[in-house]
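Here's the structure, in structure tokens; my notes come after.
The values are calculated or read from the model by the stated rules, or taken from the named source; none is laboratory data. Here the structure is a predicted model, which means the values were calculated and not measured. Glycine also receives a Cβ, built like all others from the backbone with ideal geometry; neighbour counts cover every protein chain displayed. Note: accessible area is taken over every heavy atom of the protein model, side chains too, but ligands, DNA and RNA are not part of it. Shrake-Rupley method; radii C 1.70, N 1.55, O 1.52, S 1.80 Å.
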Amino acid sequence: MQVSTRALVFSSLKYAEADLIVSCFTEKYGLKSYLLRGILKSKKGKLRTSMFQPLSLLQIEAYHKDKGSLERINEAKVILPYKTLHTEIVKTSLLLFLSEILKNSVKEEEANPSLFQFIENSIKWLDENEETANFHLLFLLKLTNFLGFYPDFSENKAPYFNLMEGNFQHHSLGQFCEEGESIEALKQLDKSQFNDLSELSLPKSVRLKTLDLLLKYYRLHIQGYKAPKSLPVLTQLFH
């Protein structure tokens, strides 16, 4: 079946000598994997490796068999050439980290336009703004809303956050309850939008603790969760 859809690149992996396997979250068909034959050696083809960088936004013309096998991309074009995301090291590292998180978290093989739009709008915001310090924290929290385990903040005066239950409690009820600065930061993030990030002042130590807290939360709620390989680089940049 010939299809035309927008797509966000989650990952690309070298296969054999000259091929790439690319994982994309498409606007119309959800998560799809494509085999791009000969792309690493081709200099004149319609497809170029530079198109398939983490979280590139593409318009693709593809052929889908829809049998669980690798699909084929016939043509692709970059819809929105990023101004800063692939040139500024901090933003590039953020993109790599977020694309790994998305690859590990999003399993839907069906359309989810609201999730697609959230990712698209978030990445556009990052490209156009300089406030990067807490962007990944707010992105991770907001993403849980689409993954089905956004925390229940109705008891947010309580000091403990139960990572397993995803809610706030007045007493520690076991190994999954955490308290402290990262919990208070989580409450601040819940009240924030990306445009508020310049007003969100978190010490570096708290930022790292909050990132650790959020990744623990993901690990508990996502089957087969894998720690992002880019995490040490990101941690170093924001240390």
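Would the range 104-112 turn up any residue that is under 21 Å from Pro81 (Cα atoms) and open to solvent by less than 30 Å² (accessible area, probe 1.4 Å)? No, the range 104-112 contains no residue that is under 21 Å from Pro81 (Cα atoms) and open to solvent by less than 30 Å² (accessible area, probe 1.4 Å).
Looking at this structure, is Val90 surrounded by 14 or more Cβ atoms within 10 Å (Cβ to Cβ), modelled with pLDDT under 95 and closer than 26 Å to Phe139 by Cα? Quick ask: steps written out before the conclusion?
Working: surrounded by 14 or more Cβ atoms within 10 Å (Cβ to Cβ): yes; modelled with pLDDT under 95: yes; closer than 26 Å to Phe139 by Cα: yes.
The answer is yes for Val90.
Of the residues Tyr218, Tyr150, the single one that is loosely packed, with under 15 Cβ neighbours inside 10 Å and touching a residue at least 12 places away in the same chain (Cβ under 8 Å) is Tyr150. Residue pairs whose Cβ atoms lie under 6 Å apart, sitting 6 or more positions apart in sequence or on different chains, and linking a residue in the range 83-108 that is outside any helix (DSSP H, G or I) to a partner that is of a type in the set (Lys, Arg), are Thr84/Lys91; Leu85/Lys91.
Residues that are modelled with pLDDT under 95, in contact with a helix residue (DSSP H, G or I) (Cβ under 7 Å, 6 or more places away or on another chain), closer than 19 Å to Leu98 by Cα and not charged (D, E, K, R) do not occur anywhere in the range 114-121.
Looking at the structure I just gave you, is Ala7 open to solvent by less than 20 Å² (accessible area, probe 1.4 Å), small (Gly, Ala, Ser) and within 18 Å of the chain's Cα centre (by Cα)? Considered against the rule, which asks whether it is open to solvent by less than 20 Å² (accessible area, probe 1.4 Å), small (Gly, Ala, Ser) and within 18 Å of the chain's Cα centre (by Cα), Ala7 comes out as yes.
Quick test for you: out of Ile101, Ile123, Ile119, Ile60, pick the one residue that is under 17 Å from Phe10 (Cβ atoms), among the hydrophobic types (A, V, I, L, M, F, W, C) and touching a Ser or Thr at 6+ places or on another chain (Cβ under 7 Å). Please lay out each step first, then the result.
Working: Ile101 fails: touching a Ser or Thr at 6+ places or on another chain (Cβ under 7 Å); Ile123 fails: touching a Ser or Thr at 6+ places or on another chain (Cβ under 7 Å); Ile119 fails: touching a Ser or Thr at 6+ places or on another chain (Cβ under 7 Å).
Answer to the check: Ile60.
Here Val78 meets each of (1) at pLDDT 95 or above; (2) open to solvent by 50 Å² or more (accessible area, probe 1.4 Å); (3) at positive phi; (4) not aromatic (Phe, Trp, Tyr) with one exception, condition (3).
Figure legend. Inter-residue proximity from the range 166-190: first residues under 16 Å from Glu155 (Cβ atoms) and of a type in the set (Val, Ile, Thr), second residues open to solvent by 40 Å² or more (accessible area, probe 1.4 Å) and part of a loop (DSSP other than H, G, I, E, B), beta-carbon distance below 9 Å, spacing 6+ or different chains. Indicated pairs: Ile183/Pro159. The number of residues in the range 46-69 that are part of a loop (DSSP other than H, G, I, E, B), of a type in the set (A, V, I, L, M, F, W, C) and modelled with pLDDT of 95 or more comes to 1.
How many residues does the range 153-212 contain that are basic (Lys, Arg) and open to solvent by less than 50 Å² (accessible area, probe 1.4 Å)? Steps first, please.
At the first step, the residues of the range 153-212 found to be basic (Lys, Arg) are 157, 187, 191, 204, 207, 209.
Still in the list and also open to solvent by less than 50 Å² (accessible area, probe 1.4 Å): 187, 207.
Of the residues in the range 153-212, 2 are basic (Lys, Arg) and open to solvent by less than 50 Å² (accessible area, probe 1.4 Å).
Criterion applied to Leu55, Leu13 was being of a type outside the set (S, T, N, Q), under 26 Å from Lys229 (Cα atoms) and surrounded by fewer than 19 Cβ atoms within 10 Å (Cβ to Cβ), and the one residue passing it is Leu13.
Within the range 16-34, restricting attention to residues that are open to solvent by less than 30 Å² (accessible area, probe 1.4 Å) and not hydroxyl-bearing (Ser, Thr, Tyr), the residue that is nearest to Ile119 (Cα to Cα) is Phe25.
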